[in-house]
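Reading through the structure tokens given below for one structure.
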Amino acid sequence: MLSAIQNRQAVRKFTNAPVNSNDIDELINAFQASPCGMHQTDVMKGIVIESPDLCAEIEKATNNACYGAPLLFAIATKKDSNFGEHDASAAAENIMLQATELGYGSVYIMSGAIELNNHPSLLKKLGISNDFQISVIVPVGKSVEQPAHEDRANRYQIIRK
Ligand SMILES: Cc1cc2nc3c(=O)[nH]c(=O)nc-3n(C[C@H](O)[C@H](O)[C@H](O)COP(=O)(O)O)c2cc1C
């Protein structure tokens, strides 16, 4: 697990190669194992978009915010939930770690999620009802290149007492 955490890096250049169907199942398993605030399981939904046409439609609507990845794992959360967005972030990390473990690149996308929420007809097409919004999109695919290494050992301030 530590190696998936250390090896995960934001990937923003993907090949066209589709994500293997068994691997998609593993990403879904990782999503399903995500924690949820107060065990409220009905405030978050995963939408796995494999259809190239639908992926292209989302890229167009979001000004290519998802970098042309062959698989988009969108996470929708209930608008009136205090937990939804927190749940979505935890779930996105689960998906990204599993993607890393399986040899795929991924990235946390907030900008595209915000933009997608401005397209109600597309949300409807994705099966999202009016009481839900897209909180995060995790594009997944084979990385074109190894992202530049960044030493993250001291990225954040740590306070130990
Ligand atoms: C809350 C959040 C929002 C983010 N939104 C975007 C985004 O809209 N587009 C993008 O390309 N990357 C986005 N990222 C990815 C960050 O840019 C990336 O995680 C950061 O630069 C650190 O790099 P690393 O993931 O390789 O450690 C987001 C990450 C987080 C946690």
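The values are calculated or read from the model by the stated rules, or taken from the named source; none is laboratory data. Computed from a predicted structure; not experimentally measured. Here the Cβ is made from the backbone with ideal geometry for all residues, glycine too, and neighbour counts use every protein chain on show. Note: areas computed on protein heavy atoms with side chains; ligands, DNA, RNA excluded. Shrake-Rupley method; radii C 1.70, N 1.55, O 1.52, S 1.80 Å.
Of note:
- Filtered residues of the stretch 99-134 (kept if closer than 20 Å to GLN32 by Cα, in a helix (DSSP H, G or I) and over 11 Å from the mean Cα position of the chain (by Cα)): THR100, GLU101
- Residue count, the stretch 104-161 (criterion: open to solvent by 80 Å² or more (accessible area, probe 1.4 Å) and closer than 14 Å to TYR67 by Cα): 4
- Number of the condition not met by ASN94 [criteria: (1) in contact (Cβ under 8 Å) with a residue 40 or more places away in the chain; (2) open to solvent by 20 Å² or more (accessible area, probe 1.4 Å); (3) in contact with a Pro (Cβ under 8 Å, 6 or more places away or on another chain)]: (3)
- In the stretch 1-39, the residues that are among the small types (Gly, Ala, Ser) and either in contact with a Lys or Arg (Cβ under 9 Å, 6 or more places away or on another chain) or modelled with pLDDT under 95 (or both): SER3, ALA17
- Of all the numbered requirements in (1) more than 16 Å from the chain's Cα centre (by Cα); (2) away from the ligand (no atom under 16 Å from the Cβ); (3) over 26 Å from GLY68 (Cβ atoms), ALA17 misses one, and that requirement is (3).
- Restricting the search to helices (runs of 4 or more DSSP H) fully inside the stretch 1-91 and requiring at least 1 residues that are open to solvent by 70 Å² or more (accessible area, probe 1.4 Å) and among the polar types (S, T, N, Q) gives 2-7, 21-32.
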